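The values are calculated or read from the model by the stated rules, or taken from the named source; none is laboratory data. If you're wondering where the values come from, they're calculated on a predicted model, not measured in any experiment. Every residue, glycine as well, gets a Cβ built from its backbone with ideal geometry; the counts of neighbours run over all protein chains shown. Surface accessibility is based on the protein's heavy atoms, side chains included, excluding ligands, DNA and RNA. Shrake-Rupley method; radii C 1.70, N 1.55, O 1.52, S 1.80 Å.
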Amino acid sequence: MSYLLHIDSSSLDSSVSRKVAQTFRDSWQGPVVHRDLGAAPVPHLSAAGIAARGADQAARTPEQAAAAAIQEELIGEFLGASAYVFTVPMYNYSMPSVFKAWLDQVMTVGATMALPDGPPAAGRPALVVSARGGGYGPGTPNHGMDHVIPTLETVLGHQQTLGLDVSVLTPELTLAPVVPYMSELVPLHEASLADSHEQARKLAETFQAAL
């Protein structure tokens, strides 16, 4: 049976990204496979893991075999899903390293990308929830400094990579309630957060209607 694959990468159980993703989950009807990279990170791609991809199975070293087993588990989990929700908060203008490690294990030529007929997951719906402490839209001082969403739209959504149909929610200004000099931005944060929760509910319904 197909399922929603939910990947969390926030270090905090109480993170805004996780809360918005939970709103999506609460509106989802059907099985879910949840992997919490914050609690149980996957290994970074190693030399053994890279070598295992091009080695005959019978000729793999023990280290290569162990690395290949991790990749095969993660790739199987990814390909078995019909829809996805990823929580990828902004950490220091980029994605959490645990999510990059997961991507490096899953993005494999011949398995999930660079196949003659295109990526096997092409067109499957995916939601990226990426909370951030400040604002990064046009006209803000931080505009152009978001290196999370542009990267993920490429690695998750391009037809030369994973080919998913990517939607994005970016609840912003999450530091406004706790940083004194940002206090005047609290109403904007609250509006952004409320809109993200509402859009998460709608996207869960939209995703399911399309399956």
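In the set Ala122, Ala126, only one residue is open to solvent by 40 Å² or more (accessible area, probe 1.4 Å) and more than 28 Å from Pro187 (Cβ to Cβ); that residue is Ala122. Of the residues making up the range 185-211, those that are within 18 Å of Ala83 (Cβ to Cβ), crowded, with 18+ Cβ neighbours inside 10 Å and out of contact with any Ser or Thr (no Cβ under 8 Å at 6 or more places or on another chain) number 2.
Okay, residues lined up against (1) closer than 23 Å to Ser2 by Cα; (2) assigned to a helix (DSSP H, G or I); (3) out of contact with any Leu (no Cβ under 6 Å at 6 or more places or on another chain):
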position: Ser82; (1), (2), (3): yes, no, no
position: Val85; (1), (2), (3): yes, no, no
position: Val98; (1), (2), (3): no, yes, no
position: Asp117; (1), (2), (3): yes, no, yes
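Just so you know, in the range 12-30 the residues that are open to solvent by 60 Å² or more (accessible area, probe 1.4 Å) and either modelled with pLDDT of 95 or more or hydrophobic (A, V, I, L, M, F, W, C) (or both) include one that is nearest to Ala83 (Cα to Cα), and it is Arg25. Among residues belonging to the range 169-184 that are hydrophobic (A, V, I, L, M, F, W, C) and open to solvent by 50 Å² or more (accessible area, probe 1.4 Å), point out the one that is nearest to the chain's Cα centre (by Cα). Restricting to residues being hydrophobic (A, V, I, L, M, F, W, C) and open to solvent by 50 Å² or more (accessible area, probe 1.4 Å), the top hit is Leu175.
Condition check: among the polar types (S, T, N, Q), assigned to a helix (DSSP H, G or I) and open to solvent by 60 Å² or more (accessible area, probe 1.4 Å). Does Thr151 satisfy that? Taking the combined requirement at face value, the residue does not satisfy it.
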